[in-house]
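Enquirer: Before we start, here is the structure in question, set down as C-alpha cells.
Every number here is computed from the coordinates shown, using simple stated rules; none is lab data. Predicted model only: the values in this text are computed from it and were never measured. Neighbour counts run over all protein chains shown; Cβ positions are idealised from the backbone, glycine included.
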Amino acid sequence: MPQGPDQNSTGRTSGRPGKKAAAQQRIAERRAAEHAAAAAAARKRRTIISAVTAAVVVIIIIVVVIVVQTRRTSTANDAASPANTTDGAFVVGEPDAPVTVQLYEDFLCPACGQFEAANGDTLRQLVDDGTIQLQYQPVAFLNRFSPDQYSTRAMNAVAVVADEAGLDAFVKVHDELYAQQPAENTPGLSDDQLIAIAADAGATGDSVAAGIRDLRFGGWTERVTDQASKDDVSSTPTVLINGNPLTDRSPAGLTAAVQAAAKKG
Amino acid sequence: MPWAATVIRIGLGAVWVVAGALKLPDPAGAERAVRAYQLLPESLVQVMAFGLPALEVVLGLALIFGVAVRWAAVGSAALLVMFIAAVSSAWARGLQIDCGCFGGGGEVEADQTAYLSEILRDAGLLLLSAALVRWPTSRWALGSLLSAPAADDVAVDPNPHDTLVGQE
C-alpha cells in the first residue's frame, strides 16, 4: 500500500509513534465528552419539556374543576321565593318592637333543638309582649349529616307552608319539626310525615303536598344558605340580638340580653 | 429507607386523594368552609374552594403512583403549612368552625370546634412530607420508569468520517 515518507507498514508515522495515537485519543475523548454533553443537554431539555407539560396539565385540570364546580353552585337568583318571607327570614311580631332577634338555625342541628326546647316559650312570650320582633332564618348547613337531605327538605317544607298558609302555620310546623327532630346521620322525617305535620298546622291541599315532594323552593334554600354564609354565619344556632351575637344561650342569658338591648333603645 | 419511603409516599398520597375527593361532591359546602375562615376576599373564595380539592387529588395521585415524588412532597408540605396557619388563625380569632378538611361546610355546632387536634394532625402529615422531600427514593415508583435514559442517550458518533485509532 502506498506509504508516505515517514510511514511504516502499519500506517503510523514513524519517528513520532506516540503522538498520533495520543492525538487520536484526545479526539476520541473530546468526541465522547461532546456526546455526553449533547446527551446531557438533550436530557435536560426533555426534563424541562416534561416538567412544563406536567405543570400545564395540572393547571388545566384545576381550571376545569373550578369551572365545573362554579356552574354547579350558581344558585339561580330568580329562584322563586316563598310568600311571607323577607330575604330568607320568616318574621313574626310587631314591626316596631324595640329589639330584633334573628335566629339562624338548621332543622337537623341538635344544638338548635336544645335551644328551641330551652327557649321556645321565652321567645313566644317576648313576641307576644311586643318586646321583640323575631326573625326565623333557617339554613341548610347540615345535609352532609343526613342520608336523605333532611336539612333542605325541612327548610323547603316550612317555606311551602309559609307560602300557602301564612306565618301562623309556619310557626306551628317549625315548632313541631323541632319537637320531632331526627338524630343526625339517621333518616329524617319523610316527605309524607312533613306533609302530615303541615296539614295538622293548617297547610292542606295538593299544592302543599306537591311543593314539599318536589322541593318547590329548593333553589331558594340554596340561595338563602349561601347568603347566610356570606353574612358570616358559620355555626348553628346563631342568635343575633339587634345584630349582636348572643353568647349565653340559656333562657336567663337570652332574657338579659334582650332587656339590655331594649334599654339601649 | 426505600421501603419506609414507599409506605409514607403511598399513605400520604391516599390521604390527599381522600381529602380532595370528599370535597368534590358538595361544592357549596366547600365554599362555605373557605368563607368561614374569613381569610380570603369573596372573589377568591370559589377559586380556593374548588381548586384546592383538585390540587389535592392531583398531588395524591402523583404520590401514589410515584411520579415527581419530590415535587409532590414539597407541594404537600406547602399546603400543610398553609392549613396549619389558617386553622391557627381561626383559633386565635375565636371563630367557631369545623376545619372543612375532609369535606363539609365548615359549620359546626356551637362549642364543638377541635382546633388543636386538627393542627396536630396536619403537623404530623407535614413531618411525613418533609421526610419524603429529604428521602424521595422508594420502591414501586412509576417515575423511575418514566425517567429512564432514552435510547438516544447512548453515545452516537456524530462524525462517522473521522478516523479512529486502528482504522487507518
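Enquirer: Obtain the nm distance between the two label points defined at B:Arg134 and B:Thr6 by a simple spin-label model: each point lies 7 Å from its Cα along the Cα-to-C-beta direction.
Expert: Here the answer is 2.2 nm between the modelled labels.
Enquirer: Right, next: May I ask you to evaluate 6.51 cos²θ - 1.76 cosθ + 1.60, the Karplus curve with θ = phi - 60°, for each residue of segment B:130-137 and list the ³J(HN,Hα) values in order in whole Hz, giving x for glycine and proline?
Expert: 4, 4, 5, 5, 6, 10, x, 6
Enquirer: Sticking with this structure for a sec: What's log10 of I(q)/I(0) for the protein assembly as shown at q = 0.07, 0.09 Å⁻¹, Debye sum over Cα points only, no solvent?
Expert: Summing over Cα pairs of the protein assembly as shown leads to -0.51, -0.71.
Enquirer: Could I ask something else about it? Taking 0.36 nm per residue of separation and subtracting the Cα-Cα distance, what length does fully extending A:Asp248 through A:Ala41 add? All intermediate terms of the calculation are to be shown ahead of the outcome.
Expert: Working: separation 207, 0.36 × 207 = 74.52 nm, distance 6.97 nm.
67.5 nm is the gain from fully extending A:Asp248 to A:Ala41.
Enquirer: Separate question: Treat each spin label as a single point 7 Å out from the Cα along the C-beta direction, and report the A:Asp192 to A:Ala21 distance in nm.
Expert: Taking the two extended label points, one gets 10.3 nm.
Enquirer: Sticking with this structure for a sec: On a 0 to 90° scale, report how tilted helix A:110-129 is relative to the longest principal axis of chain A, with both axes built from alpha carbons and the result rounded to the nearest 10.
Expert: 40 degrees
Enquirer: Something else about it: To the nearest 500 deg cm²/dmol, what mean residue ellipticity at 222 nm is calculated for the protein assembly as shown from DSSP H runs of n ≥ 4 alone, each contributing -39,500 (n - 2.57), summed and divided by the residues?
Expert: Values: 13 runs with 257 residues, N = 433.
Value at 222 nm, helices only: -20500 deg cm²/dmol.
Enquirer: Hey, what's the per residue convex hull volume over the C-alpha atoms of segment A:134-265, in cubic angstrom? Don't jump to the answer; show the numbers that get you there.
Expert: Working: hull volume 15.9 nm³, N = 132.
Hull volume normalised by residue count: 121 Å³.
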